[in-house]
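Before any comments, here is the structure.
The values are calculated or read from the model by the stated rules, or taken from the named source; none is laboratory data. All figures in this text were calculated on a predicted structure; none of them were measured in a lab. Don't worry about glycine lacking a Cβ; one is built from the backbone with ideal geometry, like all the others, and counts go over all protein chains shown.
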Amino acid sequence: MIIANPKKEKKYLNRDNVYLPHMVLIDKIIEETPSVRTIHFHFKDDQMNRDFTFEAGQFAELSVPGTGEATFCISSSPTRKGPLECCINRVGLVTNALHRLGVGAEMGFRGPYGNHFPLESMRGKNIVFVGGGIGLAPLRSLIWNILDERDKYGKIYIIYGARSAGDLCFKYDLDTWQQDKTISTVIAVDKADGNWTGKEGFVSAVLKEESPRADNAIAVLCGPPIMIRNTFPVLEELGFSPEQIFTTLEKKMKCGIGKCGRCNIGNLYVCRDGPVFSYAQIKSFISDEY
Amino acid sequence: MAVKKINKKNIAKVLAVWRREYNIIVPSMATDVPAFSEWDGEDISFLDWYRNTAVPPKSVVLPPMEKMMSFRKEKDGYKTEVSVNEDKQIIFGIRPCDAKGLAIIDDVFTNGYEDYYYASRRRNTLLIGLGCTNPQESCFCTSMDVDLATSKDVDIMFNDTGSEFIAEAFTAGGEYLLKITTGLKNATGTDMKTAKSVELEAKNKLTRALDTRGVSKKLQACFNNEDFWKQVAAKCVSCGICTFLCPTCFCFDINDEMVRKQGARYREWDSCSFRLYTRMPMENPREEKWRRVRQRVCHKFEFYPMNVDIFACTGCGRCIRLCPVNWDITRVIAGLPRQSDVKEKASALKG
């Protein structure tokens, strides 16, 4: 067999086969919004429960055997032992099937895949989180990771918005963060209804209003594409250089390991070279297909 | 090991010897289109009709559809089973262009995480190359760094000398095959000379060439030239045949099926020509046809070389020969706007 210098990865393989999922059991389900739920789960195999580690920003392939696999970021923090969490928006075949599962049900899990947020280079800096809708899921992993090592970082801003108060995810975390005096948390909705007493407006506008300082800071954003596109210029206006801004991208994926071909942006595969990219990298992308 | 020679009349005997230890896969008309499939133990008529198959030999190691695992739902949860055919096999008669195609796919499936299914089959597969004596009008392999008569990607290379083949082994696996084939004579200097003249004659039959100098840069320069890509894509019908029959295309889809408590996960060839290939519930980055055509051309000649420093095209000509609307990648590459044209146009627009 003629193979040019293969560099092999062998992390958490089930029977040496990267496509074979580990089975996990659902511990708890939190209905975040009418279409979004967070599933807490642990591995059926105790050894995996003991050994499994990941980094904030990485993703996994969850599956319902017989229905299919889909890609989700791990939304719990690597600093916390215990169940893993994934946040699932009900939009397609697999996510609908995942929404039909109950506590105790079994799912398939492959991962963790992809790169992660550059925690090392964020130490000692002020961190500005900008999230929209379900885009809080990957940020939440990083936020808890940073809050669990609070003294290693400077000021922390969390600016989060959703379409309406009913679309806010992780309300229990938002409450905790709002009460935490060491971080400034601003929550807004695009359109306020009767009971909403917080801010109203798009995340990008709220960010401009709050105008966190750019020196010695890193901005991390995630949300729907329109929000990301509108937030980059605001951050640049505030003085953030493209190297100081990070986001995580989403693409259709099947394999999660750079083989099936569909998640490419130019020569890069979002699954293998991402999903975390700096704005500087995104600006140098050959393609506008993101 | 010395170069051996084998009389064409004895090919069936030689294959029969190898067949005791290996499954023998040869070019075949058994299916609707010429493809590689298991040898029946007798028929070697492919030596007469075979120029190249329509379906490339990648189908032997990356089948169009395969079962990755089967599920059974039991009281204490899902039971998952995997079965891969790991029989030793020989692909006999692979052309140098297709051998290079397999080498490209090998790299994709074995670097990083190893693809269990592909690697299990590939590691048990020996390639026996057959020098190309009758290239077709659509072939342009020599432009893509492929040699008609030899290949570094095969275990043994066979070359035609008229009534005989000369056979040279390049790997331990290849040497073993020649060793168990008793009674082979060494090729003489005259045989080598004859093979060389056959090779030259074959080369002269090649009519098509592709100038690949600066292609990646040109593609980069015209990436956002929507008008150009729309023009290029105009007659494409998005049927995907160019990708399915390409020896370097490897994209696949994964799908599940479940009836009552039994189910399976399958993998099938997929194609960047299809709209659904990249569609997500909320958006699709390549909804428009010209974006999908651009993706195919750029993947072969710009993106893939950026990652691996080799064009993901071997000049086999299938995507030209078998396209239902005569779409021609060599014409697209030859017609790429020159960088100076792009600059002139840009400055003209500015002025």
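Within the set A:Gly108, A:Gly57, A:Gly102, A:Gly82, the sole residue that is within 20 Å of B:Met258 (Cα to Cα) and in a loop (DSSP other than H, G, I, E, B) turns out to be A:Gly102.
Give me the strands (runs of 3 or more DSSP E) completely within the stretch B:1-115, filtered to those with at least 1 residues that are more than 12 Å from chain A (Cβ to nearest Cβ), ordered by residue number. First the steps, then the outcome.
Values: elements: B:4-7, B:23-28, B:35-38, B:65-74, B:77-81, B:89-94.
Counting at least 1 such residues, we get B:4-7, B:23-28, B:35-38, B:65-74, B:89-94.
Looking across A:Ile30, A:Ile26, A:Ile39, one residue alone is crowded, with 22+ Cβ neighbours inside 10 Å and either in a loop (DSSP other than H, G, I, E, B) or at pLDDT 95 or above (or both). It is A:Ile39.
Which ones in the stretch B:162-194 are touching a Phe, Trp or Tyr at 6+ places or on another chain (Cβ under 9 Å) and more than 14 Å from chain A (Cβ to nearest Cβ)? Step through it out loud before you land on a result.
Step one: filter the stretch B:162-194 for residues touching a Phe, Trp or Tyr at 6+ places or on another chain (Cβ under 9 Å), giving B:165-169, B:177, B:180-181.
Scanning the stretch B:162-194 gives B:Phe165, B:Ile166, B:Ala167, B:Glu168, B:Leu177, B:Ile180, B:Thr181.
Out of all the residues in the stretch B:159-213, which are in a strand (DSSP E or B) and without any contact (Cβ under 8 Å) to a residue 40 or more places away in the chain?
Quick first cut of the stretch B:159-213, residues in a strand (DSSP E or B) only: B:159-160, B:164-169, B:185-186.
The one that is in a strand (DSSP E or B) and without any contact (Cβ under 8 Å) to a residue 40 or more places away in the chain: B:Asp160.
State all residues of the stretch A:266-289 that are at the interface with chain B (Cβ under 8 Å from one of its Cβ atoms) and not in a helix (DSSP H, G or I); if no residue qualifies, say none.
Here is the first cut: in the stretch A:266-289, the ones at the interface with chain B (Cβ under 8 Å from one of its Cβ atoms) are A:266-267, A:272, A:286-289.
Selection gives A:Gly266, A:Asn267, A:Ile286, A:Ser287, A:Asp288, A:Glu289.
Just for the stretch A:90-133: of the residues that are under 30 Å from A:Thr182 (Cα atoms) and aromatic (Phe, Trp, Tyr), which one is farthest from the chain's Cα centre (by Cα)? Per the stated criteria, the residue is A:Phe129. Of the residues in the stretch A:76-95, at least one is touching a Phe, Trp or Tyr at 6+ places or on another chain (Cβ under 7 Å), surrounded by fewer than 20 Cβ atoms within 10 Å (Cβ to Cβ) and free of Cβ contacts under 8 Å to residues at least 60 places away in the same chain.
With the condition kept exactly as written, say whether any residue in the stretch B:104-118 is touching a helix residue (DSSP H, G or I) at 6+ places or on another chain (Cβ under 6 Å), surrounded by fewer than 21 Cβ atoms within 10 Å (Cβ to Cβ) and not assigned by TED's automatic domain parsing to the domain that holds B:Ile310. No: zero hits. Counting only residues that are in contact (Cβ under 8 Å) with a residue 40 or more places away in the chain and of a type in the set (D, E, K, R), which one in the stretch B:116-135 is nearest to the other protein chains (Cβ to nearest Cβ)? Checking each candidate, the answer is B:Arg122. Residues that are at pLDDT 95 or above, in a helix (DSSP H, G or I), surrounded by 14 or more Cβ atoms within 10 Å (Cβ to Cβ) and touching a strand residue (DSSP E or B) at 6+ places or on another chain (Cβ under 9 Å) occur in the stretch A:114-128; there is at least one. Please determine whether any residue of the stretch B:151-161 is over 27 Å from B:Leu322 (Cβ atoms) and away from chain A (no Cβ under 14 Å). Yes, the stretch B:151-161 contains a residue that is over 27 Å from B:Leu322 (Cβ atoms) and away from chain A (no Cβ under 14 Å). If the condition is being of a type outside the set (Lys, Arg) and surrounded by 13 or more Cβ atoms within 10 Å (Cβ to Cβ), then the stretch B:225-237 contributes B:Asn225, B:Glu226, B:Phe228, B:Trp229, B:Gln231, B:Val232, B:Ala233, B:Cys236.
Within the stretch B:272-293, the residues that satisfy the criterion of being more than 9 Å from chain A (Cβ to nearest Cβ) and crowded, with 18+ Cβ neighbours inside 10 Å are B:Ser273, B:Phe274, B:Trp290, B:Arg292, B:Val293.
What residue, of A:Arg15, A:Arg80, A:Arg90, A:Arg37, is farther than 25 Å from B:Arg72 by Cα and within 14 Å of chain B (Cβ to nearest Cβ)? Among A:Arg15, A:Arg80, A:Arg90, A:Arg37, only A:Arg90 is farther than 25 Å from B:Arg72 by Cα and within 14 Å of chain B (Cβ to nearest Cβ). Looking at the structure I just gave you, is B:Cys251 in contact with a Gly (Cβ under 8 Å, 6 or more places away or on another chain), more than 10 Å from chain A (Cβ to nearest Cβ) and at pLDDT 95 or above? No: the conditions fail for B:Cys251.
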